[in-house]
1. From VAL106, VAL86, grab the single residue that is modelled with pLDDT of 95 or more, closer than 21 Å to ASP22 by Cβ, surrounded by 16 or more Cβ atoms within 10 Å (Cβ to Cβ) and among the aliphatic types (A, V, I, L, M).
2. Any idea which residue in the range 128-161 is most open to solvent (accessible area, probe 1.4 Å), counting only those that are assigned to a strand (DSSP E or B) and at pLDDT below 95?
3. Is it the case that ILE122 is surrounded by 14 or more Cβ atoms within 10 Å (Cβ to Cβ) and aliphatic (A, V, I, L, M)?
4. I'd like the full set of residues that are in contact with a helix residue (DSSP H, G or I) (Cβ under 8 Å, 6 or more places away or on another chain), among the charged types (D, E, K, R) and either without any contact (Cβ under 8 Å) to a residue 40 or more places away in the chain or surrounded by 20 or more Cβ atoms within 10 Å (Cβ to Cβ) (or both), limited to the range 2-32.
5. Out of the residues in the range 38-50 meeting the condition of being more than 18 Å from PHE110 (Cα to Cα) and polar (S, T, N, Q), tell me which one is surrounded by the fewest Cβ atoms within 10 Å (Cβ to Cβ).
6. Restricting the search to the range 77-124, which residues are over 14 Å from the mean Cα position of the chain (by Cα), free of Cβ contacts under 8 Å to residues at least 60 places away in the same chain, over 19 Å from HIS154 (Cβ atoms) and part of a strand (DSSP E or B)?
7. How many of the residues making up the range 44-67 are under 22 Å from PRO83 (Cβ atoms) and touching a Cys at 6+ places or on another chain (Cβ under 7 Å)?
8. For residues that are at pLDDT 95 or above and under 23 Å from ASP22 (Cβ atoms), scanning just the range 51-73, find the one that is least open to solvent (accessible area, probe 1.4 Å).
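The values are calculated or read from the model by the stated rules, or taken from the named source; none is laboratory data. No experiment lies behind these values; they were computed from the predicted model shown. Every residue, glycine among them, receives a Cβ derived from its backbone with ideal geometry; neighbour counts consider all protein chains shown. With ligands, DNA and RNA removed, areas are computed over all heavy atoms of the protein, side chains included. Shrake-Rupley method; radii C 1.70, N 1.55, O 1.52, S 1.80 Å.
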Amino acid sequence: MLPYEVFREIELFILKEARLLDEGAFEAWLDLYAPQGIYWMPSKPGQTDPLNVASIVYEDHAILAIRVQRLLEARALVLTPMPRTVHMVSNIEVLSGDAHSQEFEVAAAFLCTEIQGDRQRIYTGRQVHHIARQDGSFRIRRKRVALMNCDGVHAPMTIPI
């Protein structure tokens, strides 16, 4: 059984990630990722292979850094007006790891609303973070975002979910 203090520390980390995205603090968000961190959004329900099956998004740290750089470019036409998001994360559950672990697998449900001008998009699904302790906090080694409608048609997503 995971001690409450450890669970709460993990929960606050997961919530911090959502808050940083909502605040547009993209550089601070990127700092949550380990140098080998992966952000993955499968294109099929139950997809387990991100490399041999097409994904909506599969980005390593270097590509995430390019994404952040583009988000910070004030004159990017696709970002006029700048999209804003509200992430709601709930049902956080530690799937693996204990009080003595340095690595954890954490699942949660999410709802993300993105607003850009008059357009509003809503994303829902489940996410799983693989996190590891580092420098007094955690770093994301992999985040898997499973959209409920992952097999649908999607417009480009500028702000990560």
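1. On the way: VAL86 fails: surrounded by 16 or more Cβ atoms within 10 Å (Cβ to Cβ).
From the options VAL106, VAL86, the qualifying one is VAL106.
2. Let us first name the residues in the range 128-161 that are assigned to a strand (DSSP E or B), namely 128-134, 137-147.
With at pLDDT below 95 added as a condition, the list becomes 134, 137.
Working: GLN134: 73, SER137: 37 Å².
In this case the residue turns out to be GLN134.
3. Details: surrounded by 14 or more Cβ atoms within 10 Å (Cβ to Cβ): no; aliphatic (A, V, I, L, M): yes.
Criteria not met by ILE122.
4. GLU17
5. Going through the qualifying residues, I end up with THR48.
6. ASN91, GLU93, LEU95, SER96, GLU103
7. Residues in the range 44-67 being under 22 Å from PRO83 (Cβ atoms) and touching a Cys at 6+ places or on another chain (Cβ under 7 Å): 1 in total.
8. The qualifying residue least open to solvent (accessible area, probe 1.4 Å) is LEU64.
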